[in-house]
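Take a look at the structure below.
Taken together, the values in this text are just the output of simple stated rules run on the coordinates, not laboratory data. Keep in mind that this is a model prediction, so the values were computed, not measured. For neighbour counting, all protein chains shown are included, and Cβ atoms are generated from backbone atoms with ideal geometry for every residue, glycine included.
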Amino acid sequence: MQDNFPLYGDTRTVAERFGLSAATLSTLRTRGGGPLFCKRGARVFYRFDDVADWLEADRRANTSQTVAA
């Protein structure tokens, strides 16, 4: 059975859903370090699971803790 939720979202949709700015996502696409993305022509799409995994990889117990690269 297929879910009724989309697998992919554009930059604006992903930014709104995850509490990020579209400018931050754009910067991360250029500089690296952000979630995986797909391009179709000039349009950019993110898989929601990839964004969630990217955020999850940066989880910390406190502000002093570093994340293994």
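At a glance:
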read-out	value
Which of Asp50, Asp58, Asp10 has the fewest Cβ neighbours within 10 Å, and the rest in rising order	Asp58, Asp10, Asp50
For region 8-56, with +1 on Lys and Arg beta carbons and -1 on Asp and Glu, the positive-most of Phe18, Phe37, Leu55 along the dipole	Phe37
Assigned charges on the beta-carbon of Lys, Arg, Asp, Glu; region 8-56 dipole about Cα centre (debye)	320
Residue with peak Gaussian network fluctuation, the chain [Cα springs, cutoff 10 Å], from Gly33, Gly41, Gly19	Gly41
